[in-house]
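Before anything else, here's the structure in question.
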Amino acid sequence: MDAFQGLLAGFQVALSWEGILFVLIGVVVGTLIGMMPGLGPISAIAIMIPITYGMDPAPALVMMAGVYYGAVFGGSTSSILLNAPGISGTVATAFDGYPMAQQGKAGKALAIAAIASFFGGTVSVIMLMLLAPALASVAISFGPPAYFALMLMGLTAISSLSEGSTIKAMISAVAGVMVVTIGIDPQTGTQRFTFGNVNLFDGFDFLVIALGLFALAEVCMLIMNRKNRNLSDDQKLGSLKVTKSDLKEMSGPMTRQSFVGFMLGVLPGAGATIASFISYIFEKKISKNPEEFGKGSIKGLAAPESSNNAATSGAFVPLLSLGIPGSGTTAVMLGAFLVLGVQPGPLLMSDRPEIFWGIIASMYLGNIFLLVLNLPLIPYLAKILSIPRPLLISLVIMFSLIGVYSISFNTFDLYMLLVFGALGFAMRVFSFPAPPFILAFILGGMMEQAFRQSMTISNGSLGIFVNSPLPLALIIVSLLSLTIPAFIKWRSRRLSLKR
Amino acid sequence: MLSTMNRRIGLLLFIIASVYLYLSFQLPNYPYAPVDADVIPKGLGILMLILSVALFFSRAIETEAEKAKRNIPKKELLVLLAVFAMIFLYILLFEMVGFIVMTAVFIFFCSWFLGYEKWKTNIIVSILFPLGMYIIFVFALGISLPNGILPI
Amino acid sequence: MKKTWLTAILAAGALTLAGCNSDNSSEGASGEEGGSFEPSKTIEVVAPAGAGGGWDTTAREVARIFGETGIIEENLTVINKEGGGGAIGWAYIHGQDGSAHNMFVASPPLMFVPLNGQSEHGHEDFTPLANVIADYGAFAVSADSEWDDLNDLFDQMKEDPESVTVVGTSAPGSMDHMQFVRIAKAAGVDPTKIKYVSAQDGGALTSVLNGSVDVFSTGVGETVEQVRAGNIKVLGITAEERMEGEVLSEFPTAIEQGIDESFVNWRGFFGPPNMDQAAVDYYEEKFKELSESEEFAEVRKKYGWSEMYMDGEEYEEFLDNEKQEIQALLEEIGLGN
């Protein structure tokens with residue numbers, strides 16, 4: 001079959017000395033850039049574009065792909081160590097990764113993240129290889145009504161993202177959507193809550209919110225507790241010690257969430273962020289001990305990490321087989337293709353099989369490189385936490401500021417970072433959970449747009465959400481996920497009352 | 001009336017929601033969308049009003065752990081404010097003074113202020129960190145950072 | 001409202017006049033001094049958007065060709081000033097008053113964004129250097145659509161405007177929307193009854209392919225690959241005459257379908273306000289040389305762009321006319337500011 005020959009040609013590209021070298025360069029650069037708080041795959045790819053000018057397209061694109069998934073791979077490091085997610089896909093990683101690091105298991109957390117990433121990356125490459133052409137139709141099956149239903153499904157998870165007061169969790173979530181309404185509304189061009197300030201026209205960048213609510217708020221907590229003794233035994237920090245039982249524990253989430261992540265990655269617009277959140281919630285919902293989540297659960301760390309890496313490979317499906325960039329990152333990636341004179345799209349597979357399959361084949365190699373390179377680095381990375389508190393605090397503040405500045409080169413965003421830092425701290429002090437805020441911020445904007453696109457298409461009729469099977473099915477699932485747990489709770493309460 | 005913290009926060013949120021709602025009603029009308037730009041904000045504003053009232057009247061009593069969390073000594077709050085002020089000054093000045101100088105000054109004083117006493121290490125880190133970052137960003141990654149008063 | 005427009009025209013007129021004046025005087029001066037301007041340090045080219053987009057690509061390719069061919073010997077660096085749909089980058093350049101070592105790449109949003117009230121600065125606030133390339137809009141539908149040309153589509157829209165939804169990447173009142181409105185109006189469709197939705201992140205093409213929306217208003221370049229694969233068909237493009245190149249030459253223009261209207265997505269370079277006339281002359285010439293070079297012809301071919309060189313003066317006149325037309329159209333559909 002053609003595909004098989006294509007794959008052979010692809011492996012020839014990937015396994016040539018040139019291919020190996022450029023995959024290696026790509027993943028090393030990607031993972032290093034990804035580790036920097038604030039620098040994610042977008043900047044990583046953009047930085048590499050000028051370097052590839054005039055290169056042979058196949059090795060150049062193999063390298064660019066390596067930079068992309070390498071950056072996602074490396075992105076978990078700052079989430080785990082500093083609670084400073086550098087990219088949106090690793091916010092959920094911090095939920096359990098950071099608590100683990102705080103318990104003196106930083107090395108272990110990083111190792112689990114690396115293994116889960118490797119696993120998610122590899123499983124999804126296999127799926128990419130087998131299914132890429134077939135999945136192209138799945139990637140375009142979602143219209144605005146289906147996206148609305150998908151985002152709704154994500155939002156129903158908010159209650160399970162927090163403990164304590166449901167009212168407070170809901171307030172956080174509503175506030176998150178309120179913040180995302182700031183800016184120019186794409187459907188009408190209306191300025192909402194911008195007060196004519198040009199810096200607000202595009203709304204808030206995700207990173208400003210994430211670094212403010214998580215990293216700076218954490219800095220505040222560290223300042224309060226700076227006199228407490230430094231983290232537990234320094235030597236243990238770097239120990240990788242992932243035991244057999246740990247591996248067993250994470251095998252379930254990794255396998256399931258690699259599939260979930262890949263499928264969500266395939267959908268344009270969904271991507272690694274939504275995948276990682278949904279995977280996290282998914283595992284929490286089916287777990288026998290959901291109360292462990294958020295306190296350093298291995299499952300809670302492995303799930304989003306395998307999912308976000310799988311979603312990254314998934315995003316190559318619409319890009320390579322349709323020429324549709326599903327996210328800002330893949331849009332830049334598309335730009336990189338064009339600069340090299342390669343047009344990704346439905347014909348790429350037949351026109352340039354060596355590129356199509358070369359990229360896919362190189363991902364096997366790239367993922368192995370990432371694991372082999374990252375594991376030995378972990379003890380050194382983990383040492384970051386043994387830096388004396390006052391110094392560490394200053395450095396984390398600096399990292400957050402540079403991260404935001406390097407996206408927009410605009411000091412306004414830095415002031416906003418400070419504002420959200422203060423908000424994040426206040427939310428902690430008064431026990432308002434931050435995860436619902438950030439999830440609502442990510443999903444809310446897309447949900448509103450999808451809803452209003454649908455309504456324009458249907459001339460204002462709500463029937464559009466129930467008239468076709470896909471959105472209907474998703475809406476039913478989200479309703480069930482809301483009602484079933486409530487029903488179970490109610491029944492168990494009644495049973496216990498009877499007794 | 002404002003006996004509990006929940007009540008105070010509820011009131012504050014009620015005010016914020018009212019302002020937000022007021023602003024939503026000021027949004028201009030766009031003729032071509034069945035669901036205009038103001039619909040969702042209005043919904044959110046109303047939802048927030050309801051939630052703030054619910055919080056105000058909620059009978060949930062703060063747990064001990066929650067109370068402990070918001071029990072911040074005045075002195076610590078001042079320290080926090082001082083750090084925020086330092087960050088503010090940094091943002092205000094760093095495009096003018098330059099990344100390297102301002103970062104070095106910030107790291108040194110912030111660390112010292114928070115109680116780091118090994119001033120030799122502090123000086124070394126304060127100089128090497130910004131230099132290293134500057135070299136990585138500007139020369140390796142091609143992302144320009146303000147050079148300010150320094151020639152490079 | 002009307003008043004600001006008037007001032008804008010007056011200001012533009014004044015600028016042109018000022019341009020003419022200094023033109024004369026510098027001609028006199030250059031008689032004595034010779035070439036008069038040479039860049040003395042790195043030239044900064046601003047792309048008022050993030051990396052990877054149209055502005056960024058144009059700026060980087062132009063900077064690269066200038067460097068590789070040696071047309072400009074001084075270095076050119078591209079910097080990205082993202083935000084506000086360009087407004088932040090424009091404000092930045094506006095602050096470099098008189099500098100001869102700054103410029104930025106622009107295209108129709110430089111008119112649309114201020115017209116939508118989202119930027120204080122429009123093209124008349126800057127010094128036009130040269131236009132270099134033209135791109136055109138295309139209206140595409142799914143390959144199995146019942147419409148085969150623009151008239152089929154517009155007939156349906158005249159009959160039942162509610163049944164047709166147009167999708168584009170930009171917000172209403174901006175390029176993807178207005179290029180469609182402009183052509184549709186010329187065909188006799190009521191411009192106030194056009195349904196338009198905006199979709200980001202590849203959502204626009206996806207929605208056309210899965211049938212959620214009917215028409216995709218976009219750039220010609222974005223359609224080629226999908227047409228080759230047989231996924232969509234292009235009903236018409238906004239160019240004056242047929243384009244050159246494989247696939248591209250098969251796209252019928254609106255004009256040849258009896259709709260007498262066109263729209264060009266021009267792309268060129270502007271300097272800060274009050275740039276010295278000698279510097280303007282220098283850049284005009286360099287851009288002309290670039291536009292005529294074989295190397296840049298390769299670049300145009302790679303991205304499916306057309307050649308469209310205009311010097312500063314011609315450019316300004318062209319833009320003033322365009323802006324007037326768009327303004328009138330925006331007011332007609334009630335989006336004027």
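In nanometres, what is the gap between the two model label sites at C:GLU331 and A:ALA426, each 7 Å from Cα along Cα-to-Cβ?
For C:GLU331 paired with A:ALA426, the spin-label model returns 4.5 nm.
Can you give the direction-averaged projected area of the convex hull of the alpha-carbon atoms in region A:439-499, in nm²? All intermediate terms of the calculation are to be shown ahead of the outcome.
Values: hull surface 23.6 nm².
Its Cα hull, projected and averaged over all orientations, spans 5.9 nm².
Residue by residue through region A:178-184, which ³J(HN,Hα) values in whole Hz follow from phi under the Karplus form 6.51 cos²θ - 1.76 cosθ + 1.60 (θ = phi - 60°), with glycine and proline marked x?
4, 5, 6, 6, 6, x, 7
Can I ask one more? Taking A:LYS288 as the anchor, which lysines have their alpha carbon closer than 18 Å to its alpha carbon, excluding any fewer than eight residues away along the same chain?
List returned: A:LYS248, A:LYS299, A:LYS489.
B:PHE88 versus C:LYS288, label points 7 Å from Cα toward the beta carbon: distance in nm?
Placing both labels 7 Å along Cα→Cβ, they lie 5.6 nm apart.
Let me ask something additional. What percentages make up the Cα-Cα pair-distance distribution of region A:2-498 when the bins are 10 Å wide from 0?
4, 20, 30, 27, 14, 4, 0, 0
With just the Cα atoms defining each centre, how far is region C:299-319 from region B:58-115? Give it in Å.
So the two Cα centres are separated by 52 Å.
Exposure proxy check: A:ARG352, A:ARG494, B:ARG8 ranked by fewest other beta carbons within 10 Å? Don't skip to the end; give the middle numbers.
Details: A:ARG352 19, A:ARG494 10, B:ARG8 15.
In order of increasing Cβ crowding within 10 Å: A:ARG494, B:ARG8, A:ARG352.
Defining a contact as two alpha carbons under 8 Å apart and six or more residues distant in sequence, what relative contact order in percent does region B:5-69 show? Working shown, then result.
On the way: 47 pairs, mean separation 31.5, N = 65.
Relative contact order for region B:5-69 comes out at 49 percent.
Kindly put A:LEU216, B:LEU55, A:LEU373 in sequence by how many other C-beta atoms sit within 10 Å of each C-beta, fewest to most.
Working: A:LEU216 26, B:LEU55 23, A:LEU373 18.
Arranged by neighbour count, lowest to highest, A:LEU216, B:LEU55, A:LEU373 become A:LEU373, B:LEU55, A:LEU216.
Each residue of region A:135-147 in order: what ³J(HN,Hα) in whole Hz does its phi give by Karplus 6.51 cos²θ - 1.76 cosθ + 1.60, θ = phi - 60°, with x for Gly and Pro?
6, 3, 6, 5, 4, 9, 6, 8, x, x, x, 5, 5
A:LYS284: which aspartates and glutamates have alpha carbons under 18 Å from its alpha carbon, excluding same-chain residues fewer than 8 sequence positions away?
Answer for A:LYS284, where 18 Å is the Cα cut-off: A:ASP96, A:GLU163, A:ASP246, A:GLU249, A:GLU292, A:GLU305, listed by chain and number.
Report, in whole Å, the centroid distance computed from the Cα atoms of region A:283-342 and region A:1-37.
About 18 Å separates the Cα centre of region A:283-342 from the one of region A:1-37.
Taking R0 as 35 Å, what's the FRET efficiency between B:ILE46 and C:GLU159 from their Cβ-Cβ distance, rounded to 0.05? Could you put the intermediate results ahead of the total?
On the way: r = 40 Å, r/R0 = 1.15.
Result of the calculation: an efficiency of 0.30.
Hand me the chymotrypsin sites (Phe, Trp or Tyr not before Pro) from region A:3-78 located in a DSSP loop with no more than 14 other Cβ atoms within 10 Å, in residue order please. Mind showing how you got there, number by number?
Numbers: sites: A:PHE4, A:PHE11, A:TRP17, A:PHE22, A:TYR53, A:TYR68, A:TYR69, A:PHE73; in loops: A:TYR53.
Counting only loop positions with at most 14 other Cβ atoms within 10 Å, the chymotrypsin sites (Phe, Trp or Tyr not before Pro) in region A:3-78 are A:TYR53.
Also, I was wondering about something else. Just check region A:1-61 against the gyration tensor rule for me: Cα atoms, a ≥ b ≥ c as the square roots of the eigenvalues, rounded for a/c under 1.5, and otherwise prolate or oblate depending on whether a/b exceeds b/c.
Numbers: a/c = 2.42, a/b = 2.08, b/c = 1.16.
It comes out prolate by the Cα gyration axes.
When N counts the residues of the protein assembly as shown, how does its alpha-carbon radius of gyration compare numerically with 2.2 N^0.38 Å, as a ratio?
Working: Rg = 28.3 Å, N = 988, 2.2 N^0.38 = 30.2 Å.
Compactness ratio reported: 0.94.
Arrange C:LEU235, B:LEU78 by Cβ neighbour counts within 10 Å, fewest through most, would you? Write out the running numbers ahead of the final one.
Details: C:LEU235 23, B:LEU78 10.
Going from sparsest to densest Cβ surroundings: B:LEU78, C:LEU235.
Okay, helix-only estimate at 222 nm for chain A: each DSSP H run of n ≥ 4 adds -39500 (n - 2.57), divide by all residues, round to 500 deg cm²/dmol; what do you get?
Details: 22 runs with 363 residues, N = 499.
Estimated from H runs of four or more residues: -24500 deg cm²/dmol.
Moving to a separate point now. Could you state, as a whole-number percent, how many of the C-alpha pairs of region A:213-332 are farther apart than 22 Å? Working shown, then result.
Numbers: 3643 of 7140 pairs.
It works out to 51 percent of all Cα pairs.
Count neighbours as other Cβ atoms within 10 Å of each site's Cβ, and list the trypsin sites (Lys or Arg not before Pro) in region A:246-311 that are DSSP loop with at most 11 such neighbours.
Working: sites: A:LYS248, A:ARG256, A:LYS284, A:LYS285, A:LYS288, A:LYS295, A:LYS299; in loops: A:LYS288, A:LYS295.
Listed in order of number, the matching sites are A:LYS288.
When the distances between all Cα atoms of region B:74-140 are binned every 10 Å from zero, what whole-number percent does each bin get?
All Cα pairs considered, the percentages come to 20, 45, 29, 5, 0.
Any idea what log10 I(q)/I(0) is at q = 0.17 Å⁻¹ for region A:109-148, Debye with uniform C-alpha scatterers and no solvent?
Rounded to two decimals, the profile gives -0.64.
I would also like to ask the following. Would you please classify the overall shape of chain B from the alpha carbon gyration tensor, given that a ≥ b ≥ c denote the square roots of the eigenvalues, rounded means a/c under 1.5, and beyond that prolate means a/b larger than b/c while oblate covers the rest? It would help to have the intermediate numbers written out before the result.
Details: a/c = 3.72, a/b = 1.54, b/c = 2.41.
Because a/c hits 1.5 or more and a/b fails to exceed b/c, chain B counts as oblate.
Turning to a different aspect of this structure: Please report Rg (one decimal) and Dmax (integer) in Å for the Cα set of region C:210-300.
Cα only, region C:210-300: 17.9, 54 Å (Rg, Dmax).
Continuing with this model, one more query. What are the chymotrypsin sites (Phe, Trp or Tyr not before Pro) within region A:408-471 that DSSP puts in a loop, where the Cβ has at most 15 other Cβ atoms within 10 Å?
Numbers: sites: A:PHE409, A:PHE412, A:TYR415, A:PHE420, A:PHE425, A:PHE430, A:PHE437, A:PHE441, A:PHE451, A:PHE465; in loops: A:PHE409, A:PHE430.
Counting only loop positions with at most 15 other Cβ atoms within 10 Å, none of the chymotrypsin sites (Phe, Trp or Tyr not before Pro) in region A:408-471 qualifies.
I would also like to ask the following. Starting from the Cα of B:SER144, step 7 Å along the direction of its Cβ; do the same at C:GLU240; then give the gap between the two resulting points in nm.
3.7
Could you name the lysines in cross-link range of B:LYS75, using Cα to Cα under 24 Å and dropping any fewer than eight places away on the same chain?
The qualifying lysines are A:LYS227, B:LYS67, B:LYS118.
Roughly how many Å is it from the Cα centre of region C:209-244 to that of region B:117-152, as a whole number?
Region C:209-244 and region B:117-152 have Cα centres separated by 49 Å.
Using DSSP, restrict attention to beta bridges with both residues in the protein assembly as shown and report what percent are antiparallel, rounded to the nearest 5.
Working: 27 of 42 bridges.
In the protein assembly as shown, DSSP labels about 65 percent of beta bridges as antiparallel.
Restricting to DSSP H runs of at least four residues, report the calculated mean residue ellipticity at 222 nm for chain B, -39500 (n - 2.57) per run over all residues, nearest 500 deg cm²/dmol. List each step's numbers first, then the result.
On the way: 6 runs with 101 residues, N = 152.
Computed mean residue ellipticity for chain B: -22000 deg cm²/dmol.
When all C-alpha to C-alpha distances in region C:99-191 are sorted into bins of 10 Å, what percent of pairs does each bin hold, rounded to whole numbers?
Percent of Cα pairs in each bin: 13, 37, 27, 16, 6, 1.
Report the gain in length on full extension from B:LEU77 to B:VAL101: 0.36 nm times residue separation, minus Cα-Cα distance, nm rounded to one decimal.
5.8 nm
Here's another thing I want to ask about it. Within region C:136-257, how many Lys pairs sit with Cα atoms under 14 Å apart, leaving out pairs fewer than 8 places apart on the same chain?
Working: C:LYS158/C:LYS185; C:LYS158/C:LYS193; C:LYS158/C:LYS195; C:LYS185/C:LYS193; C:LYS185/C:LYS195.
Here the count comes out as 5.
Now for a separate question. What shape does region B:5-69 have by the C-alpha gyration tensor, where a ≥ b ≥ c are the square roots of the eigenvalues, rounded means a/c under 1.5, and otherwise prolate means a/b greater than b/c and oblate the rest? The partial results should precede the final answer.
On the way: a/c = 3.86, a/b = 3.27, b/c = 1.18.
Prolate, because a/c is 1.5 or more and a/b exceeds b/c.
Within chain C, what percent of beta bridges assigned by DSSP are antiparallel, to the nearest 5? Intermediate results must be reported in sequence, preceding the final value.
Details: 25 of 40 bridges.
So the antiparallel bridges in chain C amount to around 60 percent.
Compute the long axis of helix B:119-134 from its Cα atoms, compare it with the longest principal axis of the Cα atoms of chain B, and write down the angle in degrees, 0 to 90, nearest 10.
Long axis of B:119-134 versus the principal axis of chain B: about 80 degrees.
Read-outs throughout are calculated quantities, based only on the coordinates presented, and are distinct from any laboratory measurement. This structure is a prediction, so every number in the text was calculated from the model and none was measured. All Cβ positions, glycine included, derive from the backbone under ideal geometry; neighbour counts span all protein chains shown.
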